[in-house]
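Worksheet: one structure, shown below.
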Amino acid sequence: MHMKVNGEAVALPDDPRVSLLDLLRENLRLSGTKKGCNQGACGACTVLVDGERILSCLALAVQYEGRSVTTIEGLGTVAALHPLQAAFVEHDGFQCGYCTPGQICSAVAMVEELRRGVPSHVTADLGSATIALSRDELRERMSGNLCRCGAYNGIVDAIEATFAEPAE
Ligand code: FES
Ligand code: FES
């Protein structure tokens, strides 16, 4: 049984109790994905599965047979930052950086949710085919990713600078 992690085939663990987060961090040594609360409350462990964001601390690795997992290491590298990583640097979107990989993975998937018209608690028109990236939508949709350093203003600025459609 295998899954793909950042494009590479990876064998699933024999022990069905291993979380996806522990597989990534302990078995594969992909330490970019962070363990904060380990109980689904902080968002530090957010990764992408087939492009959708999930909390890897709440996921058993064996659930993801045949699926494609992307971690922060698969989004950008030191030599070739993802545009959102560069924006986090430019807009002071972090202090300690512990929450940052989860913030970035979450934001990348969040923008795709907007493009697909997936509504949030603050969406006014539930029938829209796509939803604009307003500050209210952004803050609501990123509310599952906590930042103990309180770098929220920089995080919002970085996401907006990267993904907001230019004004007409
Ligand atoms: S470590 Fe997964 S939500 Fe906090
Ligand atoms: S930058 Fe420190 S927790 Fe967010």
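The values are calculated or read from the model by the stated rules, or taken from the named source; none is laboratory data. If you're wondering where the values come from, they're calculated on a predicted model, not measured in any experiment. With ideal geometry, Cβ positions are generated from the backbone for all residues, glycine too; neighbour counts draw on all protein chains shown. Calculation scope for accessible area: heavy atoms of the full protein, side chains included, ligands and nucleic acids excluded. Shrake-Rupley method; radii C 1.70, N 1.55, O 1.52, S 1.80 Å.
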Subject >> Matching entry among Ala107, Ala86 (being part of a helix (DSSP H, G or I) and within 16 Å of ligand 1 (Cβ to nearest atom)) >> reply: Ala107
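Answer yes if at least one residue in the stretch 104-112 is at pLDDT 95 or above, within 16 Å of ligand 2 (Cβ to nearest atom), on the phi > 0 side of the Ramachandran plot and not aromatic (Phe, Trp, Tyr), and no otherwise.
no
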Original post:
Can you name every residue in the stretch 42-52 that is more than 10 Å from ligand 1 (Cβ to nearest atom) and out of contact with any Cys (no Cβ under 6 Å at 6 or more places or on another chain)?
Top reply: Val49, Asp50, Gly51, Glu52
Original post:
If you go through the stretch 152-168 one residue at a time, do you hit one that is touching a Gly at 6+ places or on another chain (Cβ under 6 Å) and crowded, with 21+ Cβ neighbours inside 10 Å?
Top reply: yes
Original post:
Which residues, counting only those in the stretch 121-144, are open to solvent by less than 40 Å² (accessible area, probe 1.4 Å), closer than 23 Å to Gln39 by Cα and among the polar types (S, T, N, Q)?
Top reply: none
Original post:
When residues of the stretch 45-71 are filtered for being assigned to a helix (DSSP H, G or I) and under 21 Å from Leu114 (Cα atoms), how many remain?
Top reply: 0
